Amino acid sequence: MNIQNLKHSGLKKWVEEAVSLMTPDAVEVCDGSQEEYNRMIKITIDTGLATPLNPWLLPGCVLFRSDPSDVARVEARTYIASKSQDDAGPTNNWIDPDELKKTMTELYRGCMKGRTMYVIPFSMGPVGSDIAKIGVEITDSPYVVANMHIMARVGVKVLDVLGADGFYVPCFHSVGKPLAAGEQDNGAWPCAPLDKKYISHFPETREIWSYGSGYGGNALLGKKCLALRIASVLARDEGWLAEHMLILKITNPKGDVKYITGAFPSACGKTNLAMLVPTLPGWKVETVGDDIAWMKFGKDGRLYAINPEAGFFGVAPGTNMQSNKNAMETIRRNTIFTNVALTEDSTVWWEMIGYDAPGKLIDWTGKEWIQDKGNKEQKPAAHPNSRFTGPAKQCPAIAPEWEDPKGVPISAFLFGGRRPKTIPLVNEAKSWSHGVFMGSIVGSEVTAAALDVKAGTIRRDPFAMLPFCGYHMGDYFKHWLSIGAKNDPDKLPKIFFVNWFRKNEAGKFIWPGYGENSRVLAWIFDRCNGVTDNAVETAIGFLPKADAISRPDGVSEADMRELLKVDIEGWKKEIADVRERHYPKFGAKLPKELYDELDAIEKRLNA
Ligand code: GTP
Ligand code: SPV
Ligand code: MN
C-alpha cells in the first residue's frame, strides 16, 4: 500500500517526515496480508538472511541467524527519556529527551538508504477492543515486519479502527545499517555497533525511537517498548495495570475455573507455566497469554486481564516434549526461529530439546558443530537466548476466550524468580500490602535474556519489571498500593510467591518443575476458593501444611520439608539486604507502607 492511501493526516505527515529524514529507496504501508508475510520471508531468503526449513517437517518455517553482537535486549542502551530524570527513577537509564532526540535524529539521517521503509500499523490487544492500543512502527527490517505479523494484529484492519484522527503510539525503528549504491547485506544480519544502539522511550509524548538492533524486544516495538514501558505509564495515569505476566486458565476436577497471572523475570518460566500440562489427574491448564498482561477493573469490581499479544516469542533451549509439549506443537508450522541450530535435514535443534543432536549441525554462528558430550566446555549449538516466534492461535492449549476483549477475571497473582536458596516453593501474602512488599523484593538469578547483565548473579527485579517499568519504580510501588486501597479487598486477586528453582548442595534442582508445578497451582486454586485448613501462618506468610501439596516422584520427604520450611536465618539476610541495599535506591519515593511491611516481617522473624 502507498502512503497516499493513509487517511489519517497526522500519521501521513509523520511518515512523510520520516521518509525525508531516513531517505529509504522505497516506502510501503503494510496491509497485514498473508501475501505480504510470504513476500517478507522470500526477501529475507533471497538476500541470504533466512534459511527455509524442511517443508514436510516444519511447513512455513524459517531460520535466522543474527549478528553475534545482537542476540538479546540491551539494557544498558535502553532509555526512559522523561523530561525530568527523577521521573525515570534510579532503575532506568536517562538522557534529556531533547538531547537524545538530537543525537538520534543524526543517526536516523539517511539511515534507510538502499532499503525499503515499511510502515506497520499494529494493535496490541484485539482490534477495536476498548483495552487495545494502536501503534505504528516504521522499520527497515523485513524480519521485523514478519515477526510483527505474528506477535501483533497488523495492517488495514488496524488503520480502519484508527480512522482519520485516532490515537497511536509512533514508533521509529531502524537497524542502523544504510547501504551504499550497489551494496548488499550478502546474508549478514544488519545492525549497528553497541555504542550506536539506542532503545528510547519518551513517556510524556508516548513515543518510541529504536536504532541499531534487529533483535526481539529491541526491535519488535509493540512488545516490551509499547506494551510495557509506555503502557505502564498510561496505566499509572489511567488507573490500570500493564505487567510482565503470563495469564493462565485453570480448571479443577469439579469443572470450576479460575484465571491466574504470574510475573517472573525474563527466562524464568512464564511461557512454560502458561502452557503447563498438569501431572495432577483431573486438572486442566489453558493459555491466555505468556508474557504480558493488561488489567482493568470491571463494573463488578473484579480485575480483568487481556493478553495484548498475538504470538509467542519464546526461549527455545529447554523447550521439549516433556517440559512444554504445547509450545513444541505450536511451533511445528508458520514459525520463525532465531539463533537455534540447523540439522542436516533442515530442521532445528537446541540444547535440552529432548534428544541428541541428529548428526552434524550448523550452530547459531553458522559454523559446523558436532556434539561432543564428553566435552563440558563445548559451546552450545543454539544461543542460550535463541527464540521461536509462533502464532498463539496454533497453541493446542490456547483458551477459547484468549481474544475476548472483556478479558478474564483474575483470582491470583504469582511472583517469583530463580532462587536456589531461602525462598520456599510457595507462600501466600497476608494482605495486599504484604503482597506488594513481596513483589517489590523479587530477586532472581540473571539469565541470558539481556546481553549486558552478568548471567548467574542474583539481582532484585521488582515485579519482574526492572527492565520494563517506564517511570520511577517507587511511584510504581505506590500505584500498586493505591490499587489495593481503592478496591474491595475481597474482590482483589490474592498474591502468592513461588520458586521452582531451589537447588541442593550439589547444585541440582530439588523440585522437578514444569507439569509438576500443577501441584502448587492446585493449592493456590484452593486458597482462592476459600479453603483454609491447608495452610499455616508463618513469619513470612501462609505456607502449605505438611501434606497439603502432594509429593511428585523423585522428591523425598526431606526435600519437601526443605522446600516448604521458613529459613529464618536466610530470611534475616534477605531482609537485611532489602533494608541496606535495595530500598534505599528509591529514596523518598519508597512508600512508607513498604517500610512498615519490612519492619513487621523483621519483627516476626526475630520473635
Ligand atoms: P521470557 O520470554 O524471556 O520472558 O521468558 P519466560 O519467563 O517465558 O521463560 P520460559 O518459560 O521460556 O523458560 C525459560 C527457561 O526456564 C527455559 O529453559 C525453561 O525450560 C526453564 N524453565 C521453565 N519452567 C521451569 C521449571 O518449572 N523448572 C525448571 N527447572 N526450569 C524451568
Ligand atoms: C524478555 O526478555 O522478557 C522477553 C524477550 O520476553 S524480549 O522480547 O526480547 O524482550
Ligand atoms: Mn518476557
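The values are calculated or read from the model by the stated rules, or taken from the named source; none is laboratory data. Just so you know, these numbers come straight off a predicted model, no measurement behind them. Every residue, glycine as well, gets a Cβ built from its backbone with ideal geometry; the counts of neighbours run over all protein chains shown. SASA here: full protein model, heavy atoms, side chains in, ligands and nucleic acids out. Shrake-Rupley method; radii C 1.70, N 1.55, O 1.52, S 1.80 Å.
The stretch 230-247 and the stretch 148-165 have Cα centres lying 21 Å from one another.
Distance from the C-alpha centroid of the stretch 415-444 to that of the stretch 462-501: 11 Å, rounded to the whole angstrom. Inter-label distance, residue 421 to residue 581: 1.3 nm, where each label sits 7 Å from its Cα along the C-beta direction. Quick one: net charge of residue 197's neighbours, Cβ under 10 Å, K/R +1, D/E -1? Charge balance near residue 197 sits at 0.
Give me the net charge for the shell around residue 233: Cβ to Cβ below 11 angstrom, other residues only, Lys and Arg +1, Asp and Glu -1.
Working: positive: 206, 229, 236; negative: 87, 204, 237, 238, 475.
Net local charge, residue 233 excluded: -2.
Output the pairs from 254/406; 197/223; 258/284; 270/325 with a Cα-Cα distance over 21 Å in this structure; if there are none, say none.
Details: 254/406 25 Å; 197/223 18 Å; 258/284 11 Å; 270/325 15 Å.
Over 21 Å apart, Cα to Cα: 254/406.
Report note on the peptides 397-403, 484-490, 8-14: ranked by the mean count of other C-beta atoms within 10 Å, highest first, their order is 397-403, 8-14, 484-490.
Summary value for the chain: 15 percent relative contact order, contacts being C-alpha pairs under 8 angstrom separated by 6+ residues. Comparing Cα centroids, the stretch 78-112 and the stretch 547-580 end up 43 angstrom apart.
Residues with beta-carbon under 15 Å from that of residue 152, excluding residue 152: net charge, scoring Lys, Arg +1 and Asp, Glu -1?
Working: positive: 133, 153, 157, 223, 224, 393; negative: 31, 36, 137, 290, 291, 309, 403.
Cβ neighbours under 15 Å give a net charge of -1.
Think of a 1.4 Å ball rolled over the protein heavy atoms: the stretch 244-354 then has 30 Å² of accessible area per residue.
Among 103-112, 119-128, the peptide with the highest mean count of other Cβ atoms within 10 Å heads the list, and the full ranking is 119-128, 103-112.
Return one whole number: the accessible area per residue of the stretch 1-83 in Å², for a 1.4 Å probe. Numbers along the way, then the final one.
Values: 3890 Å² over 83 residues.
Computed with neighbouring chains in place, this is 47 Å² per residue.
Residues of the stretch 291-306 with an amide N closer than 16 Å to a point placed 7 Å from the Cα of residue 491 along the Cα-to-Cβ direction: 295-305.
The fraction of accessible area contributed by carbon and sulfur in the chain is 52 percent, rounded to a whole number (1.4 Å probe; ligands and nucleic acids excluded).
If R0 is 22 Å, the Cβ-Cβ spacing of residue 256 and residue 431 corresponds to a FRET efficiency of close to 0.30.
Given the rule -39500 (n - 2.57) for each run of at least 4 DSSP H residues, summed and divided by the residues of the chain, what is its mean residue ellipticity at 222 nm, to the nearest 500 deg cm²/dmol?
Numbers: 16 runs with 149 residues, N = 607.
Helix contribution divided over all residues of the chain: -7000 deg cm²/dmol.
Think of a 1.4 Å ball rolled over the protein heavy atoms: the stretch 466-522 then has 38 Å² of accessible area per residue. Close Lys pairs in the stretch 540-588 (alpha-carbon distance under 22 Å; sequence gap of 8 or more, or different chains): 4. Peptide packing: for 61-67, 248-254, 372-378, 213-219, the average count of neighbouring Cβ atoms within 10 Å per residue gives the ranking 213-219, 61-67, 248-254, 372-378, highest mean first.
Multiplying the residue separation of residue 21 and residue 537 by 0.36 nm and subtracting their alpha-carbon distance yields 179.6 nm.
Over the chain, what is the percentage of antiparallel beta bridges among all DSSP beta bridges, to the nearest 5?
Working: 61 of 92 bridges.
Beta bridges within the chain, antiparallel portion: roughly 65 percent.
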